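Following: one structure in structure tokens, then a few remarks.
The values are calculated or read from the model by the stated rules, or taken from the named source; none is laboratory data. This is a predicted model, so every value here is computed, not measured. Glycine also receives a Cβ, built like all others from the backbone with ideal geometry; neighbour counts cover every protein chain displayed.
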Amino acid sequence: MARPLLLLGLGGPAAYSEFLLAQIAASCPVILVDTTAPAWARPYLARHLPVNPADEAAAAAMVLDYASHHELGGVLTLCREHLVTAARFAQWLGLGEGTAQALSICADRFTVRQVLAHRKVPLPRWAQARDPEAAAEQAGLIGYPVVIKARSAPFTSLARSSGEVPVICARVEHNASPEHGCWADGLLVEERLDGLQVAAETVVLGDGDIQIVAITRTVLGAPPALQTMRHCVYAHDSLLHNRILRQTVARAVEALGVRLGVLHVEMTLTSRGPRITDISAHLPGDLIPLLVERATGVSLARAAADLATGRPVNLTPTRQRAAAVHFAYATVAGRIDHLDVATRDCSPLVDRVVLTQQVGQHVAAAGQARVVDRLAHWVVLGLTAADCHTALDRLTQDLSIHVTSPATAVAHAP
């Protein structure tokens, strides 16, 4: 029987994380280290250690005490902010390879770029900024438009002129969590590249064996937020055989020193070749592991669990098709008065339709939206990527929503 896996954090709500947790739990017993264990997660857990992983001292005390009386097989996290803690716990418990330094690099977007630039891995032009004035100055040097990113938090926004930079910086500060901070960490100002947005779903098996098991193609939404609208994975994507892309991913993995693990390597395919725009040294979000599993049969979640617990990894494809997801956002900001969706029977097969908001909740408009503002998502399957896109174009027309904006509410007030 597989030894238990210590999981630091759930990584998100059920709509995005339940598939991952179910796959991991099917591979080995899961011991969750998190403040709470939601009702949806409990059926998949062997044990819950109620402590905040961000409080490393308290979490370490509870984990080490538990480990002194129980056997553990490995440590894993689904969250960028817990990468370093997970690696340290693995070292303290004598589990897995010593990858704390590599994961520490991957948890910090600045350090990732410094290391990759030193090894001459292709990147967009970028700079660090410690305040809005510095951000505007660096953006001017790089040339508008630029992409502004938080150092470690999941925030990205497009600035098309110097006048937009202070507004974006204020949004970063407003949305920053206490553990992420804002100006204490600084911001990343990056060249906005033209080209396809793709990611290589990569499994590092050790001894230089770097496997790209799938390519995710992404469609971004309206600026400035640039939220994801759609992901698509196709088992026969021609980019799987692109020599330059594969070399770029391998050079990045080697430069960062990652010896084992699952990585999500984001790139823009420019006319000058691939440019790496981000690397996540943990399972990707946005239901991408679900798409990979539905399209190829390969489970990234099981691969991550097997690597963490020192077991053989199975990356043999058992399916040859496409899978895609579409996320819906409101066109205006305000309170949701009505939200419904009708599932239309069509081919490719509809895998799932999920509403992620309720009547009475407030949401931001697409251009300012975050993940928490998504209204719904659809996952479809097809023989080809084109089949999936056709089905999603039809299905998304079935979303029925009415949002009362603050301006409308005031106009109709008695």
Q.
Within the range 66-78, does at least one residue satisfy the condition of being in a helix (DSSP H, G or I), out of contact with any strand residue (DSSP E or B) (no Cβ under 9 Å at 6 or more places or on another chain), outside the structural domain of residue 310 (by TED's automatic domain parsing) and modelled with pLDDT under 95?
A. no
Within the range 102-115, residues being under 20 Å from the mean Cα position of the chain (by Cα) and either assigned by TED's automatic domain parsing to the domain that holds residue 282 or in contact (Cβ under 8 Å) with a residue 60 or more places away in the chain (or both) number 9
By residue number, the members of the range 145-170 that are touching a residue at least 24 places away in the same chain (Cβ under 8 Å), polar (S, T, N, Q) and over 13 Å from residue 187 (Cα atoms) are 162
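Going through 376, 303 one at a time, which residue ends up being within 19 Å of residue 17 (Cβ to Cβ), at pLDDT 95 or above and assigned by TED's automatic domain parsing to the domain that holds residue 260? Give the derivation first.
On the way: 376 fails: assigned by TED's automatic domain parsing to the domain that holds residue 260.
When all the criteria are applied, what remains is 303.
Would it be correct to say that residue 86 is crowded, with 18+ Cβ neighbours inside 10 Å and assigned to a loop (DSSP other than H, G, I, E, B)?
Details: crowded, with 18+ Cβ neighbours inside 10 Å: yes; assigned to a loop (DSSP other than H, G, I, E, B): no.
In short, no.
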Scanning the range 91-133 residue by residue, the ones that are aromatic (Phe, Trp, Tyr) and in a helix (DSSP H, G or I) total 2
Exactly one of 311, 294, 251 is outside any strand (DSSP E or B), within 23 Å of residue 152 (Cα to Cα) and outside the structural domain of residue 390 (by TED's automatic domain parsing), and that residue is 251
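Looking only at strands (runs of 3 or more DSSP E) that lie completely in the range 334-406, which have at least 3 residues being of a type in the set (Val, Ile, Thr)? Write out each step before concluding.
Working: elements: 334-341, 350-355, 376-382, 399-404.
Qualifying strands (runs of 3 or more DSSP E): 350-355, 399-404.
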Per the filter on the range 246-265, residues crowded, with 21+ Cβ neighbours inside 10 Å and without any contact (Cβ under 8 Å) to a residue 60 or more places away in the chain are 249, 253
Filter the range 306-328 for residues that are modelled with pLDDT of 95 or more and among the β-branched types (Val, Ile, Thr); the one that is nearest to the chain's Cα centre (by Cα) is 325
Within the range 134-177, residues part of a loop (DSSP other than H, G, I, E, B) and either in contact with a strand residue (DSSP E or B) (Cβ under 8 Å, 6 or more places away or on another chain) or in the same structural domain as residue 220 (by TED's automatic domain parsing) (or both) come out as 143, 144, 145, 151, 155, 176
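Considering 38, 43, which residue is assigned to a helix (DSSP H, G or I) and over 23 Å from residue 310 (Cα atoms)? Talk me through it step by step, then tell me what you get.
Details: 38 fails: assigned to a helix (DSSP H, G or I).
Selected residue: 43, the only one of 38, 43 that is assigned to a helix (DSSP H, G or I) and over 23 Å from residue 310 (Cα atoms).
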